[in-house]
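Engineer: Handing you this structure, nothing more for now.
Coordinate-derived values only; no laboratory data. None of the values given here were measured: they were computed from a predicted structure. Please note: Cβ atoms are built from the backbone with ideal geometry, for glycine as well, and neighbour counts cover all protein chains shown.
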Amino acid sequence: MTQRTPQRKAVLAAVMIGATLAATAACTANTEPAQERKPQHPGERHQEGVRDGHRDAPPPAPSAAGGGQDAQRPFTLVASGDVLPHSSIIDRASADAGGDGYDFVPMLKGVEPVVAKADLAICHMETIYGEDGDYTGYPSFKSPPHIARALKATGYDSCSTASNHTLDDGEAGVSRTLSALDKAGVKHAGSGRTADEGKSPAWLRAGGAKVAQLAYTYGTNGYPPPKDKPWTVNLMERERIIADARDARKAGADVVVVSVHWGTEWQDEPDSRQLSLGKQLTGSRSQGRPDIDLILGTHAHVPQAYEKVNGTWVIYGMGDQIAGDMINHEGANDPRGNQGTIGRFTFAPPAKSGGRWKVDMAEFIPQWFNTGTGRVTNLNAALDDGEDVADIRDRIRRIVLSRGAGKDGLVMGK
């Protein structure tokens, strides 16, 4: 366990009487989900069901009605970084709920326009959920399950759940978390209650494509998966990832997305293992077609570069989307821990059946979690509104483009 963050005292009483919130009370959310917004892109959101840890079959092929037009519809996918509710975040969510439950919806409101407009939206739920008010922050997280409803209300369709905190409360924590996500209508990949669930991708459909999401973590902070239930969390092994991706393709996936919890915390540059594994995964092919179409990285707590490797986009690290004030390995408060990006990729259908769905537009959107207000901020939108956040935005942009992604067409989006 290398991640460290301060445990701040709640300032709920001050919040409840209308006093100005201090940075020590950086948290927000809603007990009732907002009405889900309809996607505004030409594609279609669709999620297959999960029942008691058993996934439904992959989504059926798009209808050929109308001259096969369904199969030719492009789609836009967005993905974001770690949702990491420290104690201050939990306190803030309670304050935003007026002391009656926990409300995380306001916390994410700033990115809802980006997330809800996408045809498919993927998040990373780093922590597991507690129950009956037993909620804790660092070092062993047990988050309020109300977060799941907020993710759904924001527009997320699926979350990766494999992280170094997946086993913070053992099998029970995994079960509570996946059940809460199921109840909220958010798909998940990376952990499981059964062998069937653990080994299966999250199946989704967007535009005319069947999408499979797989997820893995480098480790679990010294808590090994149960010997008789290794499927409880997916560990990051090259051969396993490639085999799972190939199985997903055989099962009908047009697009295979791999979420990986990896890298070195607080390091802006991807480490040697990220670079090596990224090259190996993107280089894997079957019948001349890449086995993996997109890699989404989390864990480092800071934004890292985007890079096109072997013709496939890799985000080495999206940074934190939600987190309290962060302390780095030197014991200093590090504002980078509240910076991140949203990746947005527009996939175009192949010219011929069986061909690859290719990314014809790649974008990143800089975001920042303001611990003073307890809100996720779209930095470009904030600049348009006159907020003084240019330095944060520009730093994130430098990091994202540091490995030459701009030459391959990556642009900063709104």
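Engineer: So which of Lys117/Lys199; Lys152/Lys199; Lys117/Lys250 end up more than 26 Å apart by C-alpha?
Structural biologist: Violating the 26 Å Cα-Cα cut-off are Lys117/Lys199; Lys117/Lys250.
Engineer: Of the DSSP beta bridges with both residues in the range 243-352, give the percent that are antiparallel, rounding to the nearest 5.
Structural biologist: Bridges in the range 243-352 that DSSP calls antiparallel: roughly 55 percent.
Engineer: Once you list every other residue whose beta carbon is under 14 Å from the beta carbon of Thr220, what net charge do they have if Lys and Arg are +1 and Asp and Glu are -1? Show your work: numbers first, answer last.
Structural biologist: Working: positive: Lys227, Lys229; negative: Glu126, Asp168, Asp169, Glu171, Glu237.
Around Thr220, the surrounding residues sum to -3.
Engineer: Working only with C-alpha atoms, what are the Rg and Dmax values of the range 126-203, expressed in angstrom?
Structural biologist: That works out to 11.6, 32 Å for Rg and Dmax.
Engineer: Where both residues lie in the range 30-412, what percent of DSSP beta bridges are antiparallel, nearest 5? Show your work: numbers first, answer last.
Structural biologist: Details: 40 of 73 bridges.
Within the range 30-412, antiparallel bridges account for around 55 percent of the total.
Engineer: List the trypsin sites (Lys or Arg not before Pro) within the range 281-385 that DSSP assigns to loop and that have no more than 14 neighbouring Cβ atoms inside 10 Å.
Structural biologist: Lys352
Engineer: Translational diffusion coefficient, Stokes-Einstein: compute it for the range 30-412 using the Kirkwood radius over C-alpha pairs as Rh, at 4 °C and 1.567 mPa s, and state it as an integer in µm² s⁻¹.
Structural biologist: 63 µm²/s
Engineer: Further, regarding this structure: Please identify which residues in the range 329-357 have an amide N closer than 20 Å to a label point set 7 Å out from the Cα of Asp408, following the Cα→Cβ vector.
Structural biologist: Counting backbone N atoms under 20 Å from the label point, the list is 341-350, 356-357.
Engineer: Could you tell me the calculated FRET efficiency between Asp228 and Asp100, based on Cβ-Cβ distance and R0 = 45 angstrom, to the nearest 0.05?
Structural biologist: Result of the calculation: an efficiency of 0.65.
Engineer: So for the pair Thr194, Ala172, with labels modelled 7 Å out along Cα→Cβ, what separation do we get in nm?
Structural biologist: Output for this residue pair reads 2.3 nm.
Engineer: By counting other Cβ atoms within 10 Å of each Cβ, how are Cys123, Cys159 ranked from fewest to most?
Structural biologist: Starting with the residue having the fewest Cβ neighbours, the order is Cys159, Cys123.
Engineer: Okay, moving on. Would you please give the residues with an amide H less than 5 Å from that of Val309, counting only those at least 5 places away or on a separate chain, with H modeled from the backbone geometry?
Structural biologist: For Val309, the qualifying residues are Val314.
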